[in-house]
Each structure stands twice: as structure tokens, then as C-alpha cells.
Amino acid sequence: MSFTAVGDGYKVGDIATDFDLVATNGDNISLSNYTDADGYIVIFTCNSCPYSVLYEDRIIELHNKWADKGFPVIAINPNDPEMKPADSFEKMKVRASEKSFPFPYAFDDGQEVFPVYGATRTPHVYVLNKSKEVKYIGAIDDSARDAGAVQMNYIDNAVNAIKSGTSPDPSFTKAIGCSIKYRKA
């Protein structure tokens, strides 16, 4: 696959298109699987990035907090396993099992989804409303290295705003993490 628009992708206010990816449990995952969702927390993450690993427990907490309230987490690994072998689908299955991920952990096989979103880092988050409108893009919170020092959880803020019918503030933050590993055209 070749693409040139890495970093150019969805902006706040855009409508996201659906995807169809295989998750570590063997299921195909798409936004349309969640017929009762009020929105979606789409997180591009991986096995190998130290920032993604630091955020794993927080991502689990986000899913446990919001999934039953209509905002499931959908985690997607965008990395090319030929460039980053620790991010192979087989190793994703092991990691999902080790951490008992309660959310689907899908593989962007062929790297077709992350460029459409414009994800550049792991983790990189997109919070969508029920209509798949992008309402927030960026980091999970304001303290990548220390969960105990978090003062602003951007995802909680975005979901609460969507639920109350307002716009998240901020609606965009800089994603902090490792660059997505892809084959350049």
C-alpha cells in the first residue's frame, strides 16, 4: 500500500468512515458492530511503544468506565510488523491475553485505516459521537509518563461533553507517543 497523506486525516467535525479489521479474538471489528453505541473511543496503539505500554491500564479503565455508558474503546495497532516485529498479529494476541483487554484489539493489516484517520503516534485517540462525527483528536490525558499526575483526562472530558450535547474543550491536543511504523512508498 502506498499513501502520501500521513498526518493529514480527519479533523474535528469530519465524519469518520467505517472500517473492517480483524481483532485478536478472531472477530471482525467495525464501528457498525456497536448498534447501541452513543459514540466511539478509537485508539491507535501497539505492543512495542513504551508510551502505549504506559497507557494500557488507563485504556482498560477507559473502556470499563465508558463502554457500558455507550462509548466502547476500539484499539487498533497500525504498525507494520515487518518494521516492528513486536507488533505482529500473533504478538498482539499474546499481549491482549496477558493484559486481559476487555476491548477489541484490532490489526490495521495493510495499514489502510490509520492514514485515513491521520494518526501519527501510538497512542493517538479519536473520539466520535453516535453519527461518527470526530469530536476530539489527540492524547488520552495530560500526563503520559505518570498516571498519578493526571490533571486532565481528555477522553473523559470529550465523552462528558458529547453526552451533554456540547463540544469538547479542548477538542484537539498533541498526541504523545512513538511514531507509527509504516513502509514509505
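The values are calculated or read from the model by the stated rules, or taken from the named source; none is laboratory data. Keep in mind the model is a prediction, meaning the values are calculated, not measured. Cβ sites come from the backbone with ideal geometry, for glycine too, and all protein chains shown count toward neighbours. Heavy atoms of the whole protein, side chains included, go into the accessibility calculation; ligands, DNA and RNA do not. Shrake-Rupley method; radii C 1.70, N 1.55, O 1.52, S 1.80 Å.
Taking ALA139 as meeting all but one of (1) under 14 Å from ILE59 (Cα atoms); (2) without any contact (Cβ under 8 Å) to a residue 24 or more places away in the chain; (3) touching a Pro at 6+ places or on another chain (Cβ under 8 Å), write down the number of the exception.
(2)
Counting residues that are open to solvent by 50 Å² or more (accessible area, probe 1.4 Å), which helices (runs of 4 or more DSSP H) fully inside the stretch 85-178 reach at least 3?
Values: elements: 89-99, 114-117, 154-164.
Correct list: 89-99, 154-164.
Give the residues of the stretch 41-68 that are free of Cβ contacts under 8 Å to residues at least 40 places away in the same chain and charged (D, E, K, R), sorted by residue number.
From the stretch 41-68, those free of Cβ contacts under 8 Å to residues at least 40 places away in the same chain are 53, 61, 64, 67-68; that's our starting set.
Selection gives GLU61, ASP68.
Considering only residues that are within 23 Å of SER48 (Cβ to Cβ) and among the acidic types (Asp, Glu), look in the stretch 135-185 and name the one that is modelled with the lowest pLDDT.
Only one residue fits best here, namely ASP146.
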